Each structure stands twice: as C-alpha cells, then as structure tokens.
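The values are calculated or read from the model by the stated rules, or taken from the named source; none is laboratory data. All values reported here derive from a predicted model rather than from experimental measurement. Here the Cβ positions follow ideal geometry from the backbone for every residue, glycine too, while neighbour counts run over all protein chains shown.
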Amino acid sequence: MTKGTGKCARSVLVLGATGGIGGALARRFKAGGYEVVALHRRAEEMMTRLPDYRWVHGDAMDRHAVIAAAQGVSAIVHGVNPPGYQRWGELVLPMIDHTIAAARAVGATILMPGTLYNYGPDAFPLLKETSPQNPCSIKGAIRVELEQRLEQAAKEGVRVILVRAGDFFGPGAGNNWFAQGLIKPGKPVRAVTLPGRPGLGHSWAYLPDVAETCVRLLEKGEALPPFARFHMRGVYDADGLTMARAIAEAAGQNRLKIRRFAWWLVTALAPFVTLFREVKEMRYLWQEDIRLDNSLLVTTLGQEPNTPLPQAVLATLTSLKCL
C-alpha cells in the first residue's frame with residue numbers, strides 16, 4: 001500500500017480488459033506483477049475464462065460501479081470504446097467522465113490509449129503531440145472533446161497519460177483493420193486486401209508494444225507532467241505494401257494476391273448500414289500519408305518498444321487462426 005492513501009501502487013483497474021488494447025494492457029500489467037482489477041457486466045463468467053484478474057461486476061456506463069471498482073488502485077486504464085464504430089455520440093464522453101470521477105475519487109492516474117481521429121488533413125503527414133486538432137469526422141470531434149476533458153481534469157489534480165498510435169494489430173485484437181480488412185480471421189491467408197493506395201504510407205501499432213510503452217510511462221510516476229501526451233512511431237508502412245509483404249512471408253505465400261478494398265461498396269451501402277456509414281467517415285485516414293513523431297517518447301524512455309515486424313505479424317496471424 002502507498003503510505004497514507006490506502007492505494008496499492010501495484011494495483012490497476014482496466015476498463016475494457018476483454019478488448020484489444022485493454023486486454024493487451026491487462027496481460028502486460030499482470031506479467032509485471034500488478035494486481036489487475038477488471039470491470040465487466042458478466043464478472044462471474046469472466047472469473048472462469050480469465051481467473052488471473054480480480055473481476056468486479058459493473059458497466060463503464062455506470063459511474064458508481066466504476067468508482068467502486070477503482071477503490072485501492074493507483075491507475076485506471078481507459079481501454080473501452082463502443083464496438084463497431086457505433087454509438088460514439090451516446091457512450092464515449094459519459095464513459096470518460098466516469099473514469100475521471102473515479103480517478104479523482106481515489107487519487108489514481110488515468111492511462112488512456114489514444115487514436116488519430118483527433119487530426120484532420122491539415123496536420124498530416126507528420127503528427128506531433130502539439131499538432132492542430134481539426135478533425136473532419138464526428139468521431140474525431142468527440143475525441144477532441146474527450147481529450148479536452150482529460151486536460152481539464154489534469155489541471156484539477158488528476159494525473160493523465162495519453163499514448164497515441166496508429167492502427168492496432170496483434171494477438172487478441174479482433175476489431176481492427178488488420179483483422180477485419182486485410183485478411184479473414186479463421187481462414188488461411190490467400191490474399192491481402194489493402195484499404196489504402198499502394199505507395200501511400202500508413203502507421204500501424206503492435207498491441208504488445210503499445211502496452212509495454214504505456215506501462216513504462218506509468219512507472220515514470222511524477223517525473224511526467226500532470227497531462228502527459230506521447231506519440232508512438234510504431235510500424236510505419238512507407239509504401240503501403242510493407243504489411244502485405246510481411247503477411248505473405250509469415251503465411252509462406254510467395255505469390256499472395258493483393259486486392260483493393262471495395263470502398264465503392266461501402267459508399268453505396270453507407271445510407272443503409274450503420275457500420276458502413278461509420279467506416280466511410282474514417283476513409284480519409286487511408287487517403288493520406290500519416291506518420292507519428294515519437295521524439296518526445298524516445299527522450300522520455302530512451303527508446304520505443306519495437307517488436308520486429310515478422311515476429312509481430314506471425315504472432316497476430318497465429319492468434320487469428322490464419323496459419
């Protein structure tokens with residue numbers, strides 16, 4: 001316990017522990033000797049599936065449940081997002097408000113994995129922590145508001161660490177462009193579908209590397225500013241084909257077919273299918289060269305955690321049962 005606070009410095013509440021980034025962070029914290037507290041609407045079921053965590057019944061949309069689950073922890077991982085790009089307007093801001101309330105109540109640090117939705121084309125191609133945030137999507141505007149609330153909370157005494165990275169891939173990450181766009185989970189790799197244009201750069205982030213980065217930053221403690229923002233370079237696919245080649249190598253396919261993503265179909269069905277409408281809104285992130293400047297992160301940690309791409313892609317495809 002931390003003297004005089006009733007907090008355990010090695011106890012972390014993970015919101016979204018069954019998701020991609022939340023799951024990766026929960027596993028990394030557990031491997032590092034932390035007690036992982038996880039909130040879930042079916043806590044008893046989760047106790048059987050993932051017995052290494054301390055499961056608490058509740059919902060991230062219930063402020064009292066989040067505050068109750070946070071008792072005794074020193075950090076709260078906010079790794080929850082509405083599934084399938086949907087209901088952002090209803091869920092995203094209330095959930096961050098509940099996390100802020102819990103962190104304020106127990107004196108915990110908020111650890112927040114960020115996205116690139118905050119940025120519009122005026123900030124591309126090289127994104128810095130201080131780049132202007134002029135999003136061109138509804139979800140982007142919501143993320144800007146979310147970060148503004150975190151920054152205000154930091155001014156009021158709640159410590160915040162925000163880590164932005166590119167598109168996630170890795171073991172346990174099923175709801176992302178890699179798993180739902182490039183390949184088909186559960187099936188041998190016969191082709192790779194590219195959402196972007198060949199020759200156009202794109203940024204990816206391997207989940208275990210993101211988790212490692214977040215934990216190392218949290219362990220810096222008060223050496224960081226109250227509102228600390230960092231960018232990860234991750235995997236920069238300079239020509240838009242690097243990831244496809246890595247998939248082909250991992251799958252042992254020398255002549256893997258490369259297809260273009262059917263954006264025309266998304267556009268045609270967007271008026272009728274909510275998911276396609278939400279995906280269409282984010283197309284601009286595949287129409288621009290996007291890189292992240294990790295200079296501040298490297299200055300702070302000495303280096304950015306970086307798993308070799310062949311190893312990362314092999315682990316991802318294995319997890320998705322594609323090999």
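For this structure, a couple of remarks:
- Of all residue pairs spaced 6 or more apart or on separate chains, those with beta-carbon atoms under 9 Å, a first member in segment 233-244 that is closer than 28 Å to residue 299 by Cβ and a second member that is part of a loop (DSSP other than H, G, I, E, B) and among the acidic types (Asp, Glu) are 233/293; 233/304; 234/304; 238/289.
- Looking only at residues of segment 219-240 that are aliphatic (A, V, I, L, M) and not in a loop (DSSP other than H, G, I, E, B), we find that the one that is nearest to the chain's Cα centre (by Cα) is 235.
- Criterion violated by residue 205 - all others in (1) at pLDDT below 90; (2) buried (at least 20 other Cβ atoms within 10 Å of the Cβ); (3) within 18 Å of residue 288 (Cα to Cα) satisfied: (1)
- Considering only residues in segment 6-29 that are charged (D, E, K, R) and within 18 Å of the chain's Cα centre (by Cα), the one that is farthest from residue 56 (Cα to Cα) turns out to be 28.
- Residue match in segment 127-142 (condition: touching a residue at least 12 places away in the same chain (Cβ under 8 Å), surrounded by 17 or more Cβ atoms within 10 Å (Cβ to Cβ), within 29 Å of residue 238 (Cα to Cα) and out of contact with any helix residue (DSSP H, G or I) (no Cβ under 9 Å at 6 or more places or on another chain)): yes
- Tally of residues being touching a residue at least 24 places away in the same chain (Cβ under 8 Å) and either of a type in the set (D, E, K, R) or closer than 21 Å to residue 161 by Cβ (or both) across segment 4-52: 30
- Residues of segment 296-323 that are in contact (Cβ under 8 Å) with a residue 12 or more places away in the chain, part of a helix (DSSP H, G or I) and surrounded by fewer than 15 Cβ atoms within 10 Å (Cβ to Cβ): 310, 318.
- Residue match in segment 194-215 (condition: farther than 20 Å from residue 128 by Cα and in a strand (DSSP E or B)): yes
- Residue within segment 266-280 that is under 22 Å from the mean Cα position of the chain (by Cα), at pLDDT 95 or above and among the acidic types (Asp, Glu) present: no
- Condition check for residue 229: farther than 25 Å from residue 318 by Cβ, touching a Pro at 6+ places or on another chain (Cβ under 6 Å) and crowded, with 20+ Cβ neighbours inside 10 Å: no
- From the list 123, 154, the one residue that fits, being modelled with pLDDT of 95 or more and farther than 18 Å from residue 285 by Cβ, is 154.
- Looking across segment 241-266, the residues that are closer than 27 Å to residue 113 by Cβ, touching a strand residue (DSSP E or B) at 6+ places or on another chain (Cβ under 6 Å) and either part of a strand (DSSP E or B) or not β-branched (Val, Ile, Thr) (or both) come down to 243, 244, 261.
- Just one of the listed residues (241, 275, 256) is in contact with a helix residue (DSSP H, G or I) (Cβ under 9 Å, 6 or more places away or on another chain), hydrophobic (A, V, I, L, M, F, W, C), buried (at least 16 other Cβ atoms within 10 Å of the Cβ) and at negative phi, and it is 256.
- Residues of segment 176-219 satisfying the condition of being without any contact (Cβ under 8 Å) to a residue 24 or more places away in the chain and either polar (S, T, N, Q) or under 18 Å from residue 161 (Cβ atoms) (or both): 180, 219
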